[in-house]
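Undergrad: Once you've had a glance at the structure underneath, I'll fire off some questions.
The values are calculated or read from the model by the stated rules, or taken from the named source; none is laboratory data. Keep in mind it's a predicted model, so treat the numbers as computed, not measured. Using ideal geometry, Cβ is built from the backbone for each residue, glycine included, and neighbour counts are taken over all protein chains shown.
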Amino acid sequence: MQEVTTDRIVIVGAGLGALYAALKLAPLPVVMISPEPLGEGASSAWAQGGVAAAMDAADSPENHAADTEKAGAGTVDPVVADLVTREARKYILDLTTMGTPFDRTVDGDYVLSREAAHSFARVVRVKGDQAGAEIMAALIDRVRETPSVQVLQGTMAVDLDVADGVVTGVAIQDADEARSAPIMLRGAAYLMAGGGSGGLFALTTNPPRIRGQVIGMAARAGAEIADAEFVQFHPTAMDVGEDPAPLATEALRGEGAALINADGERFMVDLHPDAELAPRDVVARAIFAQTQAGKRPMLDTRDVLGERVKTQFPAVADACARNGIDPAKDPIPVAAAAHYHMGGIATDHGGRATLGGLWVCGEASSTGLHGANRLASNGLLEALVYARICAEDIAASVDVATTADLVDLRFTAGGLAPDAKAVATLRQTMTDLVGVVRTGDGLRAALVTIAELDAAYSDSRAFQNMCATATLIAAAALIREESRGAHERADFPNTLSGPGQRSKMTLTEALAIRAEAIKDLT
């Protein structure tokens, strides 16, 4: 394999965490691996809700941390919850300084929205549902003005090279459909910030390329993975046949939008004291149950927003328009879709993975903040906080040159993109058998199918990474014989008493569980 060595810090990914870390590392030289043009293809840019922070005088970081722990169903690391929520306000101010046009009142205060499981209105947003896109735009402008940051657009990472438990390189290739022969890029340090795994499911709100590749790549290299079974399903993805499914932001329910079924019944009212603003896992299961019962669930914005929905929530309005829905007159059909992975590469409080030389931030990580069920709008916040933590830890612990030449790559033919039919089969298997409600038999059947696909298409590194993450999710879900947060087992409906336990697993351990499942079904 061709090798290229650089004095730059290598950042895998180009979403919020990657961009913010690159800026916080400046003037140390970095190179970002970005499969798409900056601003495209990252989940961060698609985030509609905003950033959670205790900005109201009546609110406090302690309240925010308490809500985070409550939503996380007993598996949140309280030290991490305290750290992240205590610092939230300063990140809003920093993003404002960088040019993010947060919604403001006439008096200049931040407009705050209330989302599910928050005890206060504390979600700072932009143009109603444009927070992710606008924050990303502001950071991209800064990155383009920062000479220490090089962005390799149209490239993707597929492998990590490890020696004696330390990461020594990352294999990258051309990200187009033809791919290329991989090149081993060796840098000063490695930060994984390449997103989650929602796209492993057939019904998802995630961009097309977010399919667990970064988590799987680290797992294949030997990194420990934490909380893999905890996948959050957003209850109000628009059920309009698009892949990915457009998102009907939770802020709509914060404004008073109601969930109804085909019979016109508000089915959340009798299920939870907070009705539509119950925790996401509760609402997602209710939506799923209505779908399974053939009573198509819908989000009704007509009475509370009317025509205002089209100006206050432009992304929702655009998605409705292209699907022939007038949200001022018609309820919006919705379904529960894979949205956010609470699990990921296990990190310590400094953002370090269990492999040396490897740091992780954003959705690819599992810091312990989200537990079994992420509190709404804590995702962007965590990405910001740990991007800075990782940047500071790298700068303090790695001898990085103050200047570096630009990385010059010359790809050659020889790569292989994942087989489209195999990817479709994997995604449908995950939705059908590892989705909102799970069973032991279904999870074993999923592991068998994943194993068959993994063996049949082992010549594609990218697909191997997807299968690795899928295996970890299903295996961790199989051994957690309880229902907790976003993990619902129909055959184990109760939550075990006492404090919840986080799961920690290597790919080797997950493969052993997979092998046992194959034995059980043959």
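Undergrad: How many of the residues in region 126-148 are touching a Ser or Thr at 6+ places or on another chain (Cβ under 7 Å) and farther than 26 Å from ARG308 by Cα?
TA: 1
Undergrad: Turning to a different aspect of this structure: Being charged (D, E, K, R), surrounded by fewer than 22 Cβ atoms within 10 Å (Cβ to Cβ) and free of Cβ contacts under 8 Å to residues at least 60 places away in the same chain: is that true of ASP408 here?
TA: no
Undergrad: Can you find even one residue in region 463-473 that is within 23 Å of the chain's Cα centre (by Cα) and on the phi > 0 side of the Ramachandran plot?
TA: no
Undergrad: Could you tell me how many of the residues in region 181-215 are in a helix (DSSP H, G or I), within 19 Å of ALA171 (Cα to Cα) and not β-branched (Val, Ile, Thr)?
TA: 1
Undergrad: Could we say that VAL79 is outside the structural domain of THR311 (by TED's automatic domain parsing), touching a strand residue (DSSP E or B) at 6+ places or on another chain (Cβ under 6 Å) and not acidic (Asp, Glu) here?
TA: It is false that VAL79 is outside the structural domain of THR311 (by TED's automatic domain parsing), touching a strand residue (DSSP E or B) at 6+ places or on another chain (Cβ under 6 Å) and not acidic (Asp, Glu).
Undergrad: Only one of (1) β-branched (Val, Ile, Thr); (2) farther than 30 Å from ARG444 by Cβ; (3) crowded, with 24+ Cβ neighbours inside 10 Å is not met by THR429, so which one is it?
TA: All conditions pass for THR429, except number (2).
Undergrad: Mind checking which pairs have a first residue in region 129-148 that is over 20 Å from GLU363 (Cα atoms) and assigned by TED's automatic domain parsing to the domain that holds LYS310 and a second that is assigned to a loop (DSSP other than H, G, I, E, B) and of a type outside the set (Ser, Thr, Tyr), Cβ under 7 Å, 6 or more apart or different chains?
TA: none
Undergrad: Condition first: polar (S, T, N, Q) and assigned to a helix (DSSP H, G or I). Can you find one or more residues in region 403-419 that meet it?
TA: Looking through region 403-419, none of the residues is polar (S, T, N, Q) and assigned to a helix (DSSP H, G or I).
Each row is one residue, and each column tells you yes or no for (1) surrounded by 21 or more Cβ atoms within 10 Å (Cβ to Cβ); (2) acidic (Asp, Glu); (3) at pLDDT below 95; (4) not in a loop (DSSP other than H, G, I, E, B).
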site: ASP459; (1), (2), (3), (4): no, yes, yes, no
site: THR469; (1), (2), (3), (4): yes, no, no, yes
site: LEU472; (1), (2), (3), (4): yes, no, no, yes
site: ASN494; (1), (2), (3), (4): no, no, no, no
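Undergrad: How about region 356-377: which of its residues are at pLDDT 95 or above and not aliphatic (A, V, I, L, M)?
TA: GLY356, GLY357, TRP359, CYS361, GLY362, GLU363, SER365, SER366, THR367, GLY368, HIS370, GLY371
Undergrad: So if I check each of THR469, THR403, which one is more than 21 Å from SER483 (Cβ to Cβ) and touching a Ser or Thr at 6+ places or on another chain (Cβ under 7 Å)?
TA: Exactly one of THR469, THR403 is more than 21 Å from SER483 (Cβ to Cβ) and touching a Ser or Thr at 6+ places or on another chain (Cβ under 7 Å), namely THR469.
Undergrad: Residue by residue through region 313-325, note down the ones that are exposed (fewer than 14 other Cβ atoms within 10 Å of the Cβ) and farther than 25 Å from GLY196 by Cβ.
TA: ALA321, ARG322, GLY324
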